[in-house]
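Here the structure is laid out as C-alpha cells; the discussion comes afterwards.
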Amino acid sequence: MSLPLIIPCVDIQSGRAVRLFEGDPDRETVYFDSPLDAARHWVGLGASLVHLVDLDAATGRGENRAVIAQITAELGVPVEVGGGIRSREAAGELLRLGVQRVVIGTAAVKDPAMVTDLIAEHGPQRVVVSLDARGLEVATHGWAQGSGVMVGDLTPALADAGLETLIFTDVTRDGTLRGLDRDLMAQVRQLWPHTLIVGGGVANTDDVRLLQDEGIEGAIVGRAIYEGTLPYPVTLE
C-alpha cells in the first residue's frame, strides 16, 4: 500500500511564513521570516509539491502576490496556491505566473460556475477545490463564516464539473496538533470518489496510517512538520 502524499504547507501572512491556531489570523506562530526559505527547506528534504496559502488575501487584509511569484519562479518544484482566489481573473493570473494548481475555496461555494469555467479553460490538473469545514458544514471567507452548505451538497456538482482533486480541511483542528477525526475522514472519503487530500490536525504517523487505512491519497501538513511531531520526510517503518 503506497504512502499518502504529505504536502508541506507554507502559510504566508504579512510576508512571513506562519501557522495559525484554528484559522485565527491573530493567533499566529512565525516559523520563517521568509516564505521562500520555508519552501526551500521542505524541498531540500524531498518535497515534490508545496502548498502555499495567501492568508492576507483569504481574510481581505491584503495580498502576497510578489512573494508567491518569487517562490514559483525560484523553487524548482510545482506549487499550488490558495487563499482569496475569488475570480477567474485572479486564478488565471496565478496560473500565468507558473503556479501548477490554483486552489479555489469560497468561490466554489458562492460561484460554482467559476470552477466549471476554470476546469474547461485550464484543465482539471490545474484546478483544485478546497472545502474548509466545521464538521461537514463548509466555512468561507478565510474560515470566518459558516455557509449553511454541507460538503455533500457540493461534491456531486464538483464531480460533474470535472474536478479531479478535492482538499478537505477540518477547521476545528487546523494548527492544533490534535490529530485527525477518524469518523469525519471516513465520511468525507465516502462523499468524494476521486483524489482526496485532507488538512487540519495531522499530528504524527498515526494520522498518516489513518489516511492510509481510509484510502485517502494525501494530506497538507504544516505545524506537525515544522515542530517535528511528524518527522519529514515521512516513513511508516
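If you take the residues in the range 33-44 that are touching a strand residue (DSSP E or B) at 6+ places or on another chain (Cβ under 8 Å) and within 25 Å of PRO4 (Cβ to Cβ), which one is most open to solvent (accessible area, probe 1.4 Å)?
Initially, the range 33-44 is screened for residues touching a strand residue (DSSP E or B) at 6+ places or on another chain (Cβ under 8 Å), giving 33-35, 37-39, 41-43.
Checking the rest, the ones that are also within 25 Å of PRO4 (Cβ to Cβ) come to 35, 38-39, 41-43.
Working: PRO35: 5, ALA38: 0, ALA39: 0, HIS41: 79, TRP42: 7, VAL43: 37 Å².
Looking at residues that are touching a strand residue (DSSP E or B) at 6+ places or on another chain (Cβ under 8 Å) and within 25 Å of PRO4 (Cβ to Cβ), I get HIS41.
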Do you know which residues across the range 204-218 are in contact (Cβ under 8 Å) with a residue 12 or more places away in the chain and either crowded, with 20+ Cβ neighbours inside 10 Å or of a type in the set (D, E, K, R) (or both)? ASP206, ASP207, VAL208, ARG209, LEU210, LEU211, GLU214, ILE216, GLU217, GLY218
In the set GLY228, GLY135, the lone residue that is among the small types (Gly, Ala, Ser) and out of contact with any Leu (no Cβ under 9 Å at 6 or more places or on another chain) is GLY228
Against the conditions (1) at negative phi; (2) surrounded by 22 or more Cβ atoms within 10 Å (Cβ to Cβ), where does GLY200 fall short? Just the number, please. (1)
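Scan the range 203-237 for residues that are of a type in the set (A, V, I, L, M, F, W, C) and within 18 Å of the chain's Cα centre (by Cα) and jot them down.
Applying the first criterion (of a type in the set (A, V, I, L, M, F, W, C)) to the range 203-237 yields 203, 208, 210-211, 216, 219-221, 224-225, 230, 234, 236.
ALA203, VAL208, LEU211, ILE216, ALA219, ILE220, VAL221, ALA224, ILE225, LEU230, listed by residue number.
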Whichever residue in the range 90-133 is within 18 Å of the chain's Cα centre (by Cα) and basic (Lys, Arg) and, among such residues, is farthest from GLY62 (Cα to Cα): ARG126
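In the list ARG101, ARG126, ARG134, which residue meets the criterion of being open to solvent by 50 Å² or more (accessible area, probe 1.4 Å) and within 17 Å of ILE197 (Cβ to Cβ)? If you could, list the steps in order and put the result at the bottom.
Details: ARG101 fails: open to solvent by 50 Å² or more (accessible area, probe 1.4 Å); ARG134 fails: within 17 Å of ILE197 (Cβ to Cβ).
After applying the criteria, what remains is ARG126.
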Sort through LEU158, LEU184, LEU210 and tell me the only one that's out of contact with any helix residue (DSSP H, G or I) (no Cβ under 9 Å at 6 or more places or on another chain), at negative phi and of a type outside the set (Val, Ile, Thr). LEU184
Return yes or no: is THR176 at pLDDT 95 or above and either within 15 Å of the chain's Cα centre (by Cα) or open to solvent by less than 50 Å² (accessible area, probe 1.4 Å) (or both)? no
So, ASP26, is that one out of contact with any helix residue (DSSP H, G or I) (no Cβ under 8 Å at 6 or more places or on another chain) and more than 28 Å from ALA161 (Cα to Cα) or not? yes
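Where in the range 176-234 are the helices (runs of 4 or more DSSP H), entirely inside, with at least 1 residues that are acidic (Asp, Glu) and touching a strand residue (DSSP E or B) at 6+ places or on another chain (Cβ under 9 Å)?
On the way: elements: 182-191, 205-214, 223-227.
Qualifying helices (runs of 4 or more DSSP H): 205-214, 223-227.
Return the only residue of ARG65, ARG61, ARG40, ARG16 being of a type outside the set (Val, Ile, Thr), modelled with pLDDT under 95 and over 24 Å from GLU89 (Cα atoms). Walk me through how you get there before you give the answer.
Numbers: ARG65 fails: over 24 Å from GLU89 (Cα atoms); ARG61 fails: over 24 Å from GLU89 (Cα atoms); ARG40 fails: modelled with pLDDT under 95.
None of the others qualify; the one that does is ARG16.
The values are calculated or read from the model by the stated rules, or taken from the named source; none is laboratory data. Remember, predicted model here, so these are calculated numbers, not experimental data. Cβ atoms come from the backbone with ideal geometry, glycine included; neighbour counts cover every protein chain shown. Note: accessible area is taken over every heavy atom of the protein model, side chains too, but ligands, DNA and RNA are not part of it. Shrake-Rupley method; radii C 1.70, N 1.55, O 1.52, S 1.80 Å.
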